[in-house]
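Presented below is the structure to which this report refers.
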Amino acid sequence: MGTDDRAAGPQGGITSGHVEVRVHCAAPLPRVWAAITEPAHVEQWFGHLAGPLRVGAENRVDFGDGDFFVLVPRRIEPPELDFEWSFLGVARQELITWRLAPTADGVSVTVRDHDDRRSPAEAAEMLEGWTDFLSRLERHLRTGKNTRYGWRDDIDGSVELPAGGFHPLRESELYEWLPIASDGFEPSWFFVLDEEGPRRFRIRDWALTPDRLLTFAVEIPDARHSPMCTVRMREMDGGVRKLGFAHTGWTRLGWSAQRAQSVRRRFAATWIAALESARTRAE
């Protein structure tokens, strides 16, 4: 990587769903290694790592807004770090590899996110995400400042389901996994149930295309905006189906960040439970 490449920030590309991003960090290798492996340093640019990394031991990196990865390290041998992780603990596990290579004035950091079953749109999204993460790593190492992002506008996630008789996007089976209730005519309420107790939110703009797409809005009392939900089913190779959702609009509620994030966390936990329920029913 030349000087011009370093000045341009992270560089990356996509090959058959695999994503690779590289960035140059003007810091010694031990400092860069600490930044990607030690909880106190990971906290400064990425997320809260629950504890020290140990090969084969499940860990968790939490972003504080309801999003997290469950990860299991497979190799921790400087300058190489490999782990498998699953977004929200329900998505398909992906292999992430880090390679650090000393240069004349720092370290070249290369991350590869391995998954050849991604759609082009999903791969492009991951490329954008890793480019942002490595930008934050480089900026943290260069400035010494906390460069983590605040929180995301979207709650999203997915789970893979085997082929079979369970059809989560058919009206007769939606109620088996999605926390909704009808007023006797159509779905009217979305339920959140966690350690803070149950709460229901009115649904509007319900639109279902069986086996393909569901959209609806959830009304949040006293909010300026109603977050919009999109649930999709996608057929994959080998008879596997991917059930995914996006619930968008959490930064537009017109509330303080603390209040909005609190509600976002409750909805994120509810969606995780819903995906787990769908997977259980499909197995």
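The values are calculated or read from the model by the stated rules, or taken from the named source; none is laboratory data. Predicted model, so just to flag it, every value in this text is computed and none were measured. Neighbour counts are summed over all protein chains in view; Cβ atoms, including those assigned to glycine, are modelled from backbone coordinates with ideal geometry. To get the accessible areas, we keep the full protein, side chains included, count just its heavy atoms, and leave off ligands, DNA and RNA. Shrake-Rupley method; radii C 1.70, N 1.55, O 1.52, S 1.80 Å.
Suppose we keep only residues that are under 11 Å from residue 246 (Cβ atoms) and outside any loop (DSSP other than H, G, I, E, B) within the stretch 152-162. Which one would you say is most open to solvent (accessible area, probe 1.4 Å)?
The qualifying residue most open to solvent (accessible area, probe 1.4 Å) is 154.
For a quick check of your reading of the model, give me the residue pairs whose first member lies in the stretch 46-63 and is under 18 Å from residue 149 (Cα atoms), whose second is of a type in the set (Ser, Thr, Tyr), with beta-carbon atoms closer than 6 Å and at least 6 apart or on different chains.
That search, which allows pairs on different chains as well, returns nothing.
Within the stretch 43-88, can you find the residues that are surrounded by 15 or more Cβ atoms within 10 Å (Cβ to Cβ), in contact with a strand residue (DSSP E or B) (Cβ under 7 Å, 6 or more places away or on another chain) and over 30 Å from residue 274 (Cβ atoms)?
Across the stretch 43-88, the qualifying residues are 53, 79, 81, 82.
I'd like the residue in the stretch 234-259 that is modelled with pLDDT of 95 or more and among the aliphatic types (A, V, I, L, M) and, out of all such residues, is farthest from residue 154 (Cα to Cα).
The extreme case among them is 243.
Looking at the stretch 89-103, I want the residues that are more than 30 Å from residue 279 (Cβ to Cβ) and without any contact (Cβ under 8 Å) to a residue 24 or more places away in the chain and have a partner that is in a strand (DSSP E or B) and open to solvent by 40 Å² or more (accessible area, probe 1.4 Å) with Cβ atoms under 8 Å, at least 6 apart or on another chain. Which pairs are those?
99/80; 99/112
Among the residues of the stretch 95-140, write down those that are modelled with pLDDT under 95, basic (Lys, Arg) and either open to solvent by 40 Å² or more (accessible area, probe 1.4 Å) or in contact with a Ser or Thr (Cβ under 6 Å, 6 or more places away or on another chain) (or both).
Answer for the stretch 95-140, where residues must be modelled with pLDDT under 95, basic (Lys, Arg) and either open to solvent by 40 Å² or more (accessible area, probe 1.4 Å) or in contact with a Ser or Thr (Cβ under 6 Å, 6 or more places away or on another chain) (or both): just 117.
Pick from the stretch 247-274 the residues that are in contact with a Gly (Cβ under 6 Å, 6 or more places away or on another chain) and of a type in the set (Lys, Arg): which of them is least open to solvent (accessible area, probe 1.4 Å)?
264
Being open to solvent by less than 40 Å² (accessible area, probe 1.4 Å) and closer than 25 Å to residue 117 by Cα is the requirement here; does residue 244 meet it?
Yes, satisfied.
Just a yes or no: is a residue in the stretch 179-189 in contact (Cβ under 8 Å) with a residue 24 or more places away in the chain, open to solvent by less than 90 Å² (accessible area, probe 1.4 Å), closer than 19 Å to residue 154 by Cα and not charged (D, E, K, R)?
So far as the stretch 179-189 goes, yes, one or more of its residues are in contact (Cβ under 8 Å) with a residue 24 or more places away in the chain, open to solvent by less than 90 Å² (accessible area, probe 1.4 Å), closer than 19 Å to residue 154 by Cα and not charged (D, E, K, R).
Only one of these conditions is not met by residue 239: (1) in contact with a strand residue (DSSP E or B) (Cβ under 8 Å, 6 or more places away or on another chain); (2) open to solvent by 30 Å² or more (accessible area, probe 1.4 Å); (3) closer than 25 Å to residue 89 by Cβ; (4) of a type outside the set (S, T, N, Q). Which number is it?
Here residue 239 meets the rest and fails (1).
Limited to the stretch 29-42, what total is found for residues that are touching a helix residue (DSSP H, G or I) at 6+ places or on another chain (Cβ under 8 Å) and either part of a loop (DSSP other than H, G, I, E, B) or open to solvent by less than 50 Å² (accessible area, probe 1.4 Å) (or both)?
5
Okay, residues lined up against (1) over 30 Å from residue 31 (Cα atoms); (2) of a type outside the set (Ser, Thr, Tyr); (3) modelled with pLDDT of 95 or more; (4) assigned to a helix (DSSP H, G or I):
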| position | (1), (2), (3), (4) |
| --- | --- |
| 142 | no, yes, yes, yes |
| 150 | no, yes, no, no |
| 164 | yes, yes, no, no |
| 168 | yes, yes, yes, no |
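Collect the residues in the stretch 232-283 that are of a type in the set (Ser, Thr, Tyr) and in contact with a helix residue (DSSP H, G or I) (Cβ under 9 Å, 6 or more places away or on another chain), keeping them in residue-number order.
The answer is 251, and nothing else.
Within the stretch 193-209, count every residue that is modelled with pLDDT of 95 or more, surrounded by 14 or more Cβ atoms within 10 Å (Cβ to Cβ) and not charged (D, E, K, R).
Qualifying residue count for the region: 4.
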